[in-house]
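Everything on this sheet refers to the single structure shown next.
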Ligand code: HDE
């Protein structure tokens with residue numbers, strides 16, 4: 001057949017060759033739309049339903065077409081005057097294809113640009129029904145949700161495992177409208193007033209001259225700001241703790257941060273703070289592990305979430321509330337509930353579970369769903385209201401405003417992922433990207449031309465019942481309450497609540513981050529702030545920086561520690577944990593087969609690591625290799641098993657194996673071996689008598705002990721501690 005498109009027969013025309021339908025281009029039906037992609041029913045000018053089913057607007061049919069649905073017979077060559085050109089302007093397919101491509105990108109989010117998301121369902125326990133009339137909190141009420149996790153500072157293409165706060169934003173598609181709980185994995189914030197948000201973000205983002213460093217807080221402008229602006233001390237301390245480097249999105253707590261107001265059916269109100277508690281526990285990486293993962297797998301968290309859901313290990317979180325009386329002072333046991341830099345320790349106000357969220361489906365299109373989802377703290381349902389927290393109040397403006405630039409106009413609520421499941425009958429009209437074809441002539445009230453529609457809800461059926469909260473008569477001021485001046489008592493409370501190993505990690509994190517700053521004045525000011533948290537913390541970081549430790553310039557206020565803040569000490573389910581199984585020359589393949597089966601049966605993921613890919617021991621019962629020495633790195637594994645050692649005792653291990661075992665050991669991971677693999681461990685410098693190193697006779701017995709260790713997340717005893 002000729003290459004000249006002008007000479008190609010038109011598909012379907014007599015004599016044309018039917019297109020090949022072999023893999024990988026075999027046409028198939030589009031994926032069924034997700035239930036939460038339904039939307040307000042609209043009709044096209046010709047009366048055809050449109051928009052309600054996004055799959056209708058996406059890929060359908062077997063043949064490649066233009067955007068107008070015209071079939072194409074060639075998409076590889078532009079239309080030319082002869083095979084050697086020039087290209088003709090009349091090639092409308094070329095122009096359509098390139099023009100669309102030129103406009104494929106939208107602005108990334110100004111913060112939280114890098115994210116990953118999943119669909120799921122929330123089931124209310126009914127336990128909150130006595131304090132909120134929100135229907136979705138009712139007993140066994142099931143509500144579809146879409147959750148987006150994110151880092152804050154990095155660009156859309158930045159690495160996942162940086163030291164940063166993580167976003168935890170949940171869209172509940174309730175029958176009463178959309179409720180967005182736009183939270184973080186850290187329960188306090190850098191600032192007490194929204195007017196400071198541009199300042200903290202400008203300081204945290206890369207330097208404006210060279211645009212470096214990417215997705216990092218370890219640089220001068222960040223530390224310059226947070227040491228001058230000491231209300232940031234509490235959040236910064238959480239960032240420097242293990243919370244700043246989560247092991248997985250599935251293993252993070254989530255916090256609404258602000259105090260919200262719940263309203264019951266009679267109008268009585270209760271103040272609450274929202275908490276998400278992960279069923280898998282709250283766990284972190286260690287810093288070196290996080291840094292390595294940034295390079296070897298920048299998509300570490302995104303991949304982890306998608307893989308877990310695809311494999312059926314659906315992550316779950318319990319939603320809970322801390323409740324406080326709605327008193328005029330908005331204080332609880334001396335803690336200002338309107339100050340978002342303060343927590344209320346769980347020991348003072350326990351978190352009461354109100355429902356369970358399960359994430360059970362991955363998005364089918366990243367751009368349409370994860371990128372275009374638009375959260376807004378103002379998306380609330382009857383039974384949930386705001387408080388006077390000045391950070392929250394500023395957010396109420398920001399979230400709707402930012403979408404106008406990011407999503408190109410005011411009609412973003414019509415995007416499939418943003419559509420409410422409640423019926424919509426608004427009087428909002430026109431604007432960029434209007435996809436609804438509204439009927440009627442009178443989008444105003446009062447009117448007689450549309451028969452008075454839409455009608456207003458009556459007393460009993462209306463949604464928003466603004467709580468008639470008192471507003472204290474006062475003068476206009478740019479100021480905050482005196483209690484907002486306490487910037488150090490809660491950072492000290494957090495420090496005192498940490499276990500020794502967690503304190504070591506905090507010391508190392510500050511030493512690293514301040515050590516990355518160039519400005520001496522910034523480092524010195526950083527130490528002054530640390531002196532207000534704890535003397536030992538300050539002295540150890542000062543020693544690491546080679547600077548004198550300053551005296552605190554104010555009192556250290558002790559309070560009872562909050563054990564709930566520590567991540568160390570409990571046992572957790574091991575679902576979805578990844579066990580690497582090193583299989584070299586002369587390995588015990590029977591043992592490998594046995595442990596692979598048991599690992600799977602326990603709900604974990606076995607990954608066999610061998611010198612080369614393919615299958616090994618192909619004598620009827622082959623073992624499939626999932627990782628090779630070239631593709632494996634320790635950070636992917638929560639535990640490592642070594643299935644024997646080469647018969648030739650003098651052979652040095654492959655250096656990549658040595659690195660893998662050395663890292664697994666230093667990162668506190670459980671290591672198990674049998675069939676003589678201890679020799680390999682010793683050669684890699686792993687002491688066989690160290691805590692969490694299990695050497696045994698039978699593979700499955702070794703695995704049993706390793707699984708027990710995994711329940712504690714890491715072998716904490718392996719980290720030296722002097723605090
Ligand atoms: Fe945000 N924040 N924020 N934020 N925030 C945004 O909205 C803002 C704050 C949070 O996955 C933006 O759609 C202001 C606190 C999450 O799409 C923007 C202030 C908390 C996400 C915005 C705050 C958050 C955002 C950027 C200070 C935890 C990602 C893109 C008053 C409770 C949501 C967008 C997603 C995103 C503004 C502070 C959480 C610009 C002005 C406190 C999880 O509207």
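The values are calculated or read from the model by the stated rules, or taken from the named source; none is laboratory data. Quick caveat: nothing in here was measured; it's all calculated off a predicted structure. Using ideal geometry, Cβ is built from the backbone for each residue, glycine included, and neighbour counts are taken over all protein chains shown.
Comparison of 161, 143 shows that the only residue that is within 22 Å of residue 244 (Cα to Cα) and either touching a helix residue (DSSP H, G or I) at 6+ places or on another chain (Cβ under 7 Å) or within 12 Å of the ligand (Cβ to nearest atom) (or both) is 161.
Exactly one residue among 468, 491, 561 is surrounded by 14 or more Cβ atoms within 10 Å (Cβ to Cβ) and outside any helix (DSSP H, G or I), and that residue is 561. Among the residues making up segment 194-214, those that are closer than 22 Å to residue 399 by Cα and surrounded by 17 or more Cβ atoms within 10 Å (Cβ to Cβ) are 194, 196, 197, 200, 203, 204, 205. Summed over segment 386-402, residues that are in contact with a helix residue (DSSP H, G or I) (Cβ under 8 Å, 6 or more places away or on another chain) and near the ligand (Cβ under 6 Å from one of its atoms) total 4.
No other residue among 207, 234, 283 is free of Cβ contacts under 8 Å to residues at least 24 places away in the same chain and in contact with a helix residue (DSSP H, G or I) (Cβ under 7 Å, 6 or more places away or on another chain) apart from 207.
Exactly one residue out of 323, 358, 370 is within 15 Å of the ligand (Cβ to nearest atom) and modelled with pLDDT of 95 or more: that is 370. Against the numbered list (1) crowded, with 20+ Cβ neighbours inside 10 Å; (2) near the ligand (Cβ under 8 Å from one of its atoms), residue 416 comes up short only at (2).
All conditions but one from (1) part of a loop (DSSP other than H, G, I, E, B); (2) out of contact with any helix residue (DSSP H, G or I) (no Cβ under 9 Å at 6 or more places or on another chain) apply to residue 363; the one that does not is (2).
Report yes if residue 197 is touching a helix residue (DSSP H, G or I) at 6+ places or on another chain (Cβ under 8 Å), in contact (Cβ under 8 Å) with a residue 12 or more places away in the chain and within 13 Å of the ligand (Cβ to nearest atom), otherwise no. Spelling it out, residue 197 is indeed touching a helix residue (DSSP H, G or I) at 6+ places or on another chain (Cβ under 8 Å), in contact (Cβ under 8 Å) with a residue 12 or more places away in the chain and within 13 Å of the ligand (Cβ to nearest atom). Among what's in segment 455-501 and is farther than 19 Å from residue 229 by Cα and touching a strand residue (DSSP E or B) at 6+ places or on another chain (Cβ under 9 Å), pick the residue that is modelled with the lowest pLDDT. It comes out as 465. Scanning for something touching a strand residue (DSSP E or B) at 6+ places or on another chain (Cβ under 8 Å), part of a loop (DSSP other than H, G, I, E, B) and in the same structural domain as residue 701 (by TED's automatic domain parsing), does segment 647-662 turn up at least one residue? Looking for residues that are touching a strand residue (DSSP E or B) at 6+ places or on another chain (Cβ under 8 Å), part of a loop (DSSP other than H, G, I, E, B) and in the same structural domain as residue 701 (by TED's automatic domain parsing), one finds none in segment 647-662, hence no. The residue list 569, 535, 576, 544 contains one member that is out of contact with any strand residue (DSSP E or B) (no Cβ under 9 Å at 6 or more places or on another chain) and at pLDDT below 95, which is 569.
Would you mind stating whether residue 215 is in contact with a strand residue (DSSP E or B) (Cβ under 7 Å, 6 or more places away or on another chain) and at positive phi? Yes; evaluated as a whole, the condition is true for this residue. With respect to being more than 30 Å from residue 165 (Cα to Cα) and either outside any strand (DSSP E or B) or over 36 Å from the mean Cα position of the chain (by Cα) (or both), residue 113 falls outside the description.
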